[in-house]
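Following: one structure in structure tokens, then a few remarks.
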Amino acid sequence: GRAPLRRVLAAYLSIDADAVTLVDGEHGRPALASGHDRSLGFNWSHSGEQALIAIGRHVMPGIDLEHRRERPRALEIARRYFSIGEAATLARLPAADRSKAFLELWTAKEAVLKALGRGIAFGLHRLSIASTGDQLTLLQLEDDDIHAWQLRRLAVDTSLLAALAWRGDARQIRLGTLASID
């Protein structure tokens, strides 16, 4: 559930976790209910037992997390749902590298779509991302200015892939780890 998220948000809001009220936006993105400090933007993602929470003031972050795993249908999925250029890039990779590259693109796309307040129903083909070295680059976002966006790969764990996106100026990113918050 959302109990761990509420506890983290409560710390930022300086209130009790039971007093944090969340509402779902038009496309399911959680938001703070009215009465809370609306300048606090957040997003969260989980994969298995791991979770990431992105929090920022005066910004709506999007974050995504995936466990590294083999994706035997990665190229098939990319050809059907990703941009033509992304699918072509994946097709040129050796099969052994394709799953990781696919998941890097997937997490980056999810992060941008979450920052938009949309989900994958918006259309994965409506944005295009390049992944080179340790850099993620937003190449195209339908009906938006790509230069207004920030997109970052997060180094969280060798078994995980994660990306963070937001519309706005560059910001300092601070990563922290919580032990179990059961």
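Numbers at a glance
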| quantity | calculated |
| --- | --- |
| Pair list, Cβ under 9 Å, 6 or more apart: the range 27-39 residue open to solvent by less than 40 Å² (accessible area, probe 1.4 Å), other residue outside any loop (DSSP other than H, G, I, E, B) and of a type in the set (Val, Ile, Thr) | 30/23; 31/23; 32/23; 33/23 |
| Residue in the range 114-129 that is farther than 22 Å from residue 26 by Cα, within 18 Å of the chain's Cα centre (by Cα), assigned to a strand (DSSP E or B) and modelled with pLDDT of 95 or more present | yes |
| From the options 71, 98, residue that is over 26 Å from residue 6 (Cα atoms) and part of a helix (DSSP H, G or I) | 98 |
| Checklist (1) of a type in the set (A, V, I, L, M); (2) modelled with pLDDT of 95 or more; (3) outside any loop (DSSP other than H, G, I, E, B) applied to residue 5, failing item | (2) |
| In the range 114-152, residue least open to solvent (accessible area, probe 1.4 Å) [restricted to those that are among the β-branched types (Val, Ile, Thr) and farther than 22 Å from residue 41 by Cβ] | 137 |
| Among (1) closer than 30 Å to residue 13 by Cβ; (2) open to solvent by 50 Å² or more (accessible area, probe 1.4 Å) - the single one residue 72 does not satisfy | (1) |
| Residue within the range 52-68 that is surrounded by fewer than 20 Cβ atoms within 10 Å (Cβ to Cβ) and on the phi > 0 side of the Ramachandran plot present | yes |
| Residue within the range 2-21 that is under 16 Å from residue 164 (Cα atoms), small (Gly, Ala, Ser), in contact with a helix residue (DSSP H, G or I) (Cβ under 8 Å, 6 or more places away or on another chain) and open to solvent by less than 20 Å² (accessible area, probe 1.4 Å) present | no |
| Selection count, the range 25-37, where residues are of a type outside the set (Gly, Ala, Ser) and at pLDDT below 90 | 4 |
| Test for residue 104: is it in contact (Cβ under 8 Å) with a residue 40 or more places away in the chain and either out of contact with any helix residue (DSSP H, G or I) (no Cβ under 7 Å at 6 or more places or on another chain) or open to solvent by 70 Å² or more (accessible area, probe 1.4 Å) (or both) | yes |
| Every pair of residues 6+ apart whose Cβ atoms lie under 6 Å, when the first sits in the range 1-23 and is in contact (Cβ under 8 Å) with a residue 24 or more places away in the chain while the second is among the polar types (S, T, N, Q) | none |
| Residues satisfying the stated conditions in the range 80-95, i.e. exposed (fewer than 15 other Cβ atoms within 10 Å of the Cβ) and assigned to a helix (DSSP H, G or I) | 80, 84, 85, 88, 91, 92, 95 |
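Residues are listed down the side, and each one gets a yes or a no for (1) assigned to a helix (DSSP H, G or I); (2) of a type outside the set (Asp, Glu); (3) under 28 Å from residue 173 (Cα atoms):
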site: 103; (1), (2), (3): yes, yes, yes
site: 107; (1), (2), (3): yes, yes, yes
site: 110; (1), (2), (3): yes, no, yes
site: 131; (1), (2), (3): no, yes, yes
site: 136; (1), (2), (3): no, yes, yes
site: 147; (1), (2), (3): yes, yes, yes
site: 157; (1), (2), (3): no, no, yes
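The values are calculated or read from the model by the stated rules, or taken from the named source; none is laboratory data. Since the structure is predicted, the reported quantities are computational estimates derived from the model, not experimental observations. Reconstructed Cβ throughout: ideal geometry from the backbone, glycine too, with neighbour counts over all protein chains shown. Ligands, DNA and RNA are excluded from the accessible area calculation, which covers all protein heavy atoms including side chains. Shrake-Rupley method; radii C 1.70, N 1.55, O 1.52, S 1.80 Å.
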